[in-house]
Amino acid sequence: MVPNPVIRHKLNRGLNTDEVAEPNAFAVGAAVAAFRKGEAWLEELRVYLSENKSYVRDFIEHNLPDIKVVSSQATYLLWLDCGGIVEDAEDLVSFIRKDSGLYLTEGKEYGACGKAFIRLNPACPRERLLDGMKRLEESVKRYKCEII
């Protein structure tokens with residue numbers, strides 16, 4: 001299907017790095033069950049994730065006013081615009097990781113335009129999210145004290 005051997009190799013590695021192209025024996029049955037009987041669960045999950053995103057937006061607005069949450073509709077992931085604190089979020093992400101143990105993704109990993117951004121995944125149990133947001137707040141405040 002992919003005649004160019006270099007591109008074919010890259011495609012093969014991309015699909016097989018996380019074993020997504022090689023389902024195990026339970027995968028087909030699980031996929032069928034999800035499509036046939038998973039709608040109620042999926043709707044509950046969508047509500048839960050939406051509430052988590054709203055919590056993050058409200059928390060950041062009230063506790064970290066230098067950071068802006070980018071509005072999103074097609075994903076549960078959130079982009080945090082840290083341009084009010086840094087031009088390049090790489091050091092901020094590194095500091096947060098060392099200071100709080102939170103693993104956030106620096107935006108420039110997705111392209112140069114994301115340099116001042118951090119990607120946050122709020123798809124977790126609410127208790128973990130509450131803890132993570134408090135740790136994020138404390139780390140960002142400590143970071144700001146260090147750079148001033």
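Observations
- Residue among L11, L49, L136 with the largest mean-square fluctuation in a Gaussian network model of the chain, springs linking Cα atoms under 10 Å: L11
- Selected from G14, G38, G84 as most flexible by GNM, with the chain as the system and alpha-carbon contacts under 10 Å: G14
- Accessible area, probe 1.4 Å, largest first, for residues R46, R97: R46, R97
- Here the dipole of the range 1-108 is about 560 debye; that uses its Cα centre as origin and unit charges on the Cβ of Lys and Arg (positive) and Asp and Glu (negative).
- Helix 27-37 and the long axis of the chain differ in direction by around 70°, with both axes built from C-alpha atoms.
- Solvent-accessible surface of protein heavy atoms, probed at 1.4 angstrom with all chains present, puts C82, C124 in the order C124, C82, largest first.
- C124-D58 FRET efficiency (beta carbon distance; Förster radius 25 Å; 0.05 resolution): 0.90
- Both radii are taken from the alpha-carbon atoms of the chain; with Rh as the Kirkwood radius, Rg/Rh is 1.07.
- The relative contact order of the chain comes to 18 percent, based on Cα pairs under 8 Å that sit 6 or more residues apart.
- Take the chain with all the other protein chains still there, run a 1.4 Å probe, and you get 70 Å² of accessible area per residue.
- 0 to 90° range, to nearest 10: angle between helix 5-16 axis and the chain longest Cα axis: 80
- Label-to-label distance for K37 and R8 is 4.2 nm, based on points extended 7 Å past Cα in the beta-carbon direction.
The values are calculated or read from the model by the stated rules, or taken from the named source; none is laboratory data. What you see is a predicted model, and the numbers here were worked out from it, not measured in a lab. Backbone-built Cβ (ideal geometry, glycine too); neighbour counts: all protein chains shown. Keep in mind that these areas ignore ligands, DNA and RNA; they rest on the heavy atoms of the full protein, side chains included. Shrake-Rupley method; radii C 1.70, N 1.55, O 1.52, S 1.80 Å.
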